[in-house]
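Visitor: Handing you this structure, nothing more for now.
The values are calculated or read from the model by the stated rules, or taken from the named source; none is laboratory data. Just so we're clear, the structure is a prediction, and the values are computed from it rather than from any experiment. Cβ atoms come from the backbone with ideal geometry, glycine included; neighbour counts cover every protein chain shown.
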Amino acid sequence: MEYRGVDTKTKKQLFIQGPFEQGTNNIGEFLALVHGLAFLKQHKSERIMYTDSRTAMSWVRKKTCNSKLKRSAKNKPVYDLVDRAVQWLKTNEYTTTIVKWETKAWGEIPADFGRK
């Protein structure tokens, strides 16, 4: 599992993490959203963020990661990031609007790695 943030206009990669030995797509989407929120807040940006994951949007809204993936030594690095992300959501405010990316209408979201 890996994730990244990409500028939708320029296609410039803004950040990337991974690959990690074990994780899920939903966890990757969640981490990308929280990383993006922190990145935009740090840069005082009012840009919109897009995701193609309703699950990740819900987890961010609820300030939790509700993954069924059991914690293990293999996924400790991922869950360390999840724990940090949840803590960030609980201790920070943000004004960024998160919008569902409409893949059927717009094509694959630029942050995906083209493996679908």
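Visitor: Residue by residue through the range 29-54, note down the ones that are farther than 18 Å from Gln13 by Cβ and either within 11 Å of the chain's Cα centre (by Cα) or among the basic types (Lys, Arg) (or both).
Guide: Answer for the range 29-54, where residues must be farther than 18 Å from Gln13 by Cβ and either within 11 Å of the chain's Cα centre (by Cα) or among the basic types (Lys, Arg) (or both): Phe30, Lys41, Lys44, Ser53, Arg54.
Visitor: Still on this structure, please answer the following. Filtering the range 46-69 down to residues that are of a type in the set (Gly, Ala, Ser) and touching a residue at least 24 places away in the same chain (Cβ under 8 Å), which residue is nearest to Glu93 (Cα to Cα)?
Guide: Ala56
Visitor: Anything in the range 1-44 that is β-branched (Val, Ile, Thr) and touching a residue at least 12 places away in the same chain (Cβ under 8 Å)? List them, or say none.
Guide: Residues of the range 1-44 that are β-branched (Val, Ile, Thr), as a first pass: 6, 8, 10, 16, 24, 27, 34.
Listed by number, the residues that qualify are Val6, Thr8, Ile16, Thr24, Ile27, Val34.
Visitor: Moving on. Starting from residues that are surrounded by 11 or more Cβ atoms within 10 Å (Cβ to Cβ) and part of a loop (DSSP other than H, G, I, E, B), keep the ones in the range 106-116 and report whichever is modelled with the lowest pLDDT.
Guide: The selected residue is Phe113.
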